[in-house]
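**Q** Dropping a structure here in structure tokens format, bear with me for questions.
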Protein chains: 2
Amino acid sequence: MHEIEALTFDVFGTVVDWRASVAREAETMLAPKGYALDWGAFADGWRARYVPAMAQVSDGSRPFVILDVLHRENLVDLLKETKVEGLSEAEIDALNLAWHRLDPWPDVLEGMAQLRRRFILASLSNGNVRLMVDMARRAGLAWDAILGAEVARAYKPSPEAYDSAARMLGLAPAQCLMVAAHPTDLAAAAQRGFRTAYVHRPLERGPDREPKRPDVKAFDHHAEDFIDLARQLGA
Amino acid sequence: MHEIEALTFDVFGTVVDWRASVAREAETMLAPKGYALDWGAFADGWRARYVPAMAQVSDGSRPFVILDVLHRENLVDLLKETKVEGLSEAEIDALNLAWHRLDPWPDVLEGMAQLRRRFILASLSNGNVRLMVDMARRAGLAWDAILGAEVARAYKPSPEAYDSAARMLGLAPAQCLMVAAHPTDLAAAAQRGFRTAYVHRPLERGPDREPKRPDVKAFDHHAEDFIDLARQLGA
């Protein structure tokens, strides 16, 4: 049995609260222009376009582009749907950077500090490198390495996204623990030989939309938050 | 004129004292086995094989392999030359990790902390990701991102090593400042549009082998160490 040496993290939803943060950023820019939208629904609409956009890259129907590019295309589409008009290109660019300014869940900084004493911590996100750098600098996240889609040139749940992370960490997949709030991500990591830790994030989709907990035998660890995970891993 | 947003660092020699550190690691492993070599010369011999080994990748005569692989091949060759015999494969692997345990120059931690308040700091080294992660964790180096050869699948001074770093940072090359103790690295970065900062490291090659300073007009900045560089950049 290999010892775990590195933790690889999903980020959107697992480390940071994308919904409340994107809602806040959209409101900050658009409310002064007179728009009174349901800002949580605006964030949901943006996020809903995320998986289909990445699928076009993963199925080969378009070449790899970074998530900032997909986010911007999706934003233009969403602005049309929500009838937000008259933004300049520079304003659309600025709003697109909402995804660079996401807040971590309350347990994250303390939990990561505990985990990092014992394990290598790497992001394994579909976000691009600069997005992750901006988010980490703003929030104080201390990654040992930023891996994931841009470095792999493949989006999760494609096998190469996981394979390249283990390879760059110089580890067998079984020495890597994938940490995510999303069963599909964990299942894809497990397929590539990673160990898995589910972290429950009841508020990811907003209040009163708590996700169903996976079966307790589905993954190697099931944690309430990163501090609970650190305790379970003896970190 | 673009503002500098990120500093990209050469690491071996610029951030860390590879020679004294490798000499120490080699002595620690081999002296107890009865070998009494000139350990500085041992480090020099290992390092001397580095550029020719990378050149085979850069000129296309072999596919990309990470520096850990090149270092190990070079070590086997060096052990033969220095008549060090009877090491197990595991011992050779362990000695190869000497390059993961290099000490920073005395000004580095303070200088990087100052620079990081204002700029994104990324490694742009020929070392592989895991090597950089191990070095950073041991020495306390706080990189915002680990870029360079493995991520680019190209060794400096190949153009793609620099181009991919700027691209992943989401910046124009002119927004990136290459920091290095080596004129060839800086000249190659400048060719790709980077700005350049020479840092003088008089002890890189050992005592009494101080490198010649480049002409004061050769690069955008000429610094005595990272604290001096931070002062020059107003960080």
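**Q** Can you tell me which of A:HIS221, A:HIS200, A:HIS71 moves the most in a GNM of chain A? Springs connect C-alpha atoms under 10 Å apart.
**A** The residue with the greatest mean-square fluctuation here is A:HIS221.
**Q** Once the Cα atoms of helix A:108-118 and of chain A are each reduced to a long axis, what angle between those two axes, in degrees from 0 to 90 to the nearest 10, is obtained?
**A** Here the helix axis deviates by roughly 30 degrees.
**Q** With +1 on the Cβ of every Lys and Arg and -1 on the Cβ of every Asp and Glu, and nothing else charged, how large is the dipole of the stretch A:1-81 about its Cα centre, in debye rounded to the nearest 20?
**A** My answer is approximately 380 debye.
**Q** Could I ask something else about it? Could you pull out the GluC sites (Glu not before Pro) across the stretch B:1-72 that fall in loop regions by DSSP (anything but H, G, I, E, B) with no more than 11 other Cβ atoms inside 10 Å?
**A** Taking the stretch B:1-72 and a limit of 11 other Cβ atoms within 10 Å, the loop GluC sites (Glu not before Pro) found are B:GLU3.
**Q** Share of antiparallel DSSP beta bridges in chain B, in percent to the nearest 5?
**A** Bridges in chain B that DSSP calls antiparallel: roughly 5 percent.
**Q** Quick check: the distance between the Cα centres of the stretch B:156-175 and the stretch B:1-49, to the nearest angstrom?
**A** So the two Cα centres are separated by 25 Å.
**Q** Would you mind checking the tilt of helix A:39-48 against the longest principal axis of the Cα atoms of chain A, expressed as 0 to 90 degrees and rounded to 10?
**A** The helix A:39-48 is inclined about 60 degrees to chain A.
**Q** When the helices in chain B are scored as -39500 (n - 2.57) per DSSP H run of 4 or longer and the sum is shared across all residues, what 222 nm value do you end up with, to the nearest 500 deg cm²/dmol?
**A** -13000 deg cm²/dmol
**Q** Work out the length of the dipole vector of the protein assembly as shown about its Cα centre, built from +1 on the beta-carbon of each Lys and Arg and -1 on the beta-carbon of each Asp and Glu, and round it to the nearest 20 debye.
**A** Dipole about the Cα centre, nearest 20: 140 debye.
**Q** Dividing the Cα convex hull volume of the stretch B:1-140 by residue count, how many Å³ per residue is that?
**A** It is 133 Å³ per residue.
**Q** Report the convex hull volume per residue for chain B, counting only C-alpha atoms, in Å³.
**A** Hull volume over Cα atoms, normalised by residue count, gives 120 Å³.
**Q** Which of these, B:PRO157, B:PRO207, B:PRO173, has the largest mean-square fluctuation under a Gaussian network model of chain B (Cα springs below 10 Å)?
**A** B:PRO207
**Q** While we're here: As a footprinting exposure proxy, order A:LEU177, A:LEU87, A:LEU147 by other Cβ within 10 Å, with the fewest listed first.
**A** Sorted ascending by nearby Cβ count, the order is A:LEU87, A:LEU177, A:LEU147.
**Q** While we're on this one: Kirkwood hydrodynamic radius for the protein assembly as shown: how many Å is it when counted over pairs of different Cα atoms?
**A** Hydrodynamic radius (Kirkwood, Cα only) of the protein assembly as shown equals 23.7 Å.
**Q** How big is D for the stretch A:107-235, in µm² s⁻¹ as a whole number, if Stokes-Einstein is applied with the Kirkwood radius of its Cα pairs at 37 °C and 0.692 mPa s?
**A** Taking Rh from Cα pairs, D becomes 217 µm²/s.
**Q** When B:SER158, B:SER61, A:SER164 are ordered from fewest to most other Cβ atoms inside 10 Å of their Cβ, what list results?
**A** B:SER61, B:SER158, A:SER164
**Q** Taking the Cα centre of each part, how many Å lie between the stretch B:178-235 and the stretch B:58-111?
**A** Each part reduced to its Cα centre gives a spacing of 25 Å.
**Q** Right, next: Would you work out which of A:LEU78, A:VAL129, A:PHE119 lies farthest towards the positive end of the dipole of the stretch A:72-133? Charges go on Cβ: Lys and Arg +1, Asp and Glu -1.
**A** Toward the positive end, the furthest listed residue is A:PHE119.
**Q** Here is a follow-up. When the convex hull of the C-alpha atoms of the stretch A:18-100 is computed, what volume per residue in Å³ does it have?
**A** Each residue corresponds to 90 Å³ of Cα convex hull volume.
**Q** Next up: Which value, in debye to the nearest 20, gives the size of the charge dipole of chain A about its Cα centre, when Lys and Arg are +1 and Asp and Glu are -1 at the Cβ?
**A** Rounded to the nearest 20 debye, it is 300 debye.
Just so you know, all these numbers are worked out from the coordinates, no wet-lab data involved. Computed from a prediction, not measured in an experiment: that's the story for all the values here. Virtual Cβ from ideal backbone geometry, glycine too; neighbours counted across all protein chains shown.
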